[in-house]
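Okay, so here's the structure we're looking at.
Only the coordinates and a few stated rules stand behind these numbers; no lab work does. In this text the structure is predicted, and so the values were computed from the model without any measurement. Using ideal geometry, Cβ is built from the backbone for each residue, glycine included, and neighbour counts are taken over all protein chains shown.
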Amino acid sequence: MAEPNKAHKVVVLGTGGTIAGTSAQPGDDRHYRAGQIGVDQLLQHLPKLPANLVLVAEQVAQVDSKDMGPALWWQLRRRVAHWLAQADVVGVVITHGTDTLEETAYFLYATLPAAKPVVLTCAMRPATSLAPDGPQNLRDAISVALHPGAQGVLAVCAGTLHGALDVQKLHTSRLDAFSSGDAGVLGKIRSHRLFLIRNWPQASVKYSGSAIENIASDADWPPVDIVTSHAGADGLVVDALLAQGVRGIVVAGTGSGTVHHALEAALLRAQAAGVVVWRSTRCALGPVSPAAQRLPDAQGLSPVKARIALALELLTCSPR
Ligand code: ASP
């Protein structure tokens, strides 16, 4: 917890994204490359940093977050765990692309005990924009990391604080691209001050133990895929996945989690063959109905988060 007169150390881990993106023509917000500027540079010229704040920058990766995946997640998780364990570190901020921010946030939430804040932040405009949103988002994320009592895995974008479990990118281009859906946002940040609306999320490290700690590489990640139900769906993709040795499938169902009968038949075949199948919804918001469905639901997780949870479940719970 941040105390007023003590020096506070916040560690900022860079992973790339639009926040570190540059365009050939300054001001071109459409044609740019994500993940170009170092995180140490992003920290320069941030407004009104407290005098007792010590910022440490570390570049963990430099990618467009469309290319984020398990290998980088494990690496990032190790660095976050390392820094959180230092007594003088009050929190960790992670700069990240918006496209898969919710997946990284969920992965960290599900695997890492975070009694201190771990705040992911991002930008919808590159650093070379005439009005970049990255510096404000980064400054806001630091404010959250310094906030007394802050804890858990969080996300900051456009003056809004989200929890890892609920946050999702809903808009392709709006500066305020994220939503926390029906759960609602955790808070708002104005002029470097956080106004909390809901309580800090309770840590819920569902997946832990040696299977998580001893992960050596990408290859340990079990194959889990997402298939979508839609009008005219069939079972071809599921049969192909089964032939390729898939171990888990998340079906993004229609509406409240219904599945086209032909696709459902294929999923039930896969389930009978030992593949773990979870049912989510392709709708951005709202619950999945457990009623009258033969496939278990994903406990409120979106398809992309359910895919991570299912992979972790297979990694930690089932015989290998
Ligand atoms: N493609 C970028 C990324 O996710 C988009 C962004 O950061 O807004 O890295």
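Take each peptide in 199-207, 64-72, count the other Cβ atoms within 10 Å of every residue, and average; sorted highest first, the result is 64-72, 199-207. One chain, two ends: GLN299 and GLN86. Fully extended at 0.36 nm per residue, the span grows by 73.3 nm beyond their Cα-Cα distance. Cross-link partners for LYS206 among the aspartates and glutamates, with Cα-Cα distance under 18 Å and sequence neighbours closer than 8 places in the same chain left out: GLU102, GLU103, ASP166, ASP297, GLU313.
With respect to the chain, whose longest principal axis is taken over its alpha-carbon atoms, helix 70-84 is tilted by about 40°.
Straight-line reach from LYS48: taking Cα to Cα under 14 Å and skipping same-chain neighbours fewer than 8 places apart, the aspartates and glutamates in range are ASP140. The orientation-averaged projected area of the convex hull spanned by the Cα atoms of segment 1-118 comes to 7.8 nm². The loop-placed trypsin sites (Lys or Arg not before Pro) in segment 131-185, going by DSSP, that have at most 13 neighbouring Cβ atoms within 10 Å of their Cβ come out as ARG174.
How would segment 125-229 be classified by its alpha-carbon gyration tensor: rounded, prolate or oblate, with rounded meaning a/c under 1.5 and the a/b versus b/c comparison settling the rest?
The shape class here is prolate.
Its relative contact order, with pairs defined as Cα atoms under 8 Å and 6+ residues apart, puts segment 14-124 at 33 percent. The Cβ shell under 9 Å around GLY17 holds other residues with a net charge of -2, Lys and Arg each +1, Asp and Glu each -1.
Axis of helix 261-272 versus longest Cα principal axis of the chain: the two differ by about 90°, to the nearest ten degrees. Is the shape of segment 51-189 best called rounded, prolate or oblate, per the rule: a/c under 1.5 gives rounded, else a/b larger than b/c gives prolate, else oblate, with a ≥ b ≥ c the square roots of the Cα gyration tensor eigenvalues? Rounded is the answer for segment 51-189, as its axis ratio a/c remains below 1.5.
Whole angstrom only: what separates the Cα centroid of segment 42-75 from the Cα centroid of segment 97-130? Using only Cα atoms, the two centres lie 10 Å from each other. Over the chain, the alpha carbon radius of gyration divided by the compact-protein estimate 2.2 N^0.38 Å works out to 1.03.
So how much slack lies between ALA284 and LEU175, counting 0.36 nm per residue of separation and subtracting their Cα-Cα distance, in nm?
Length gained between ALA284 and LEU175: 37.4 nm.
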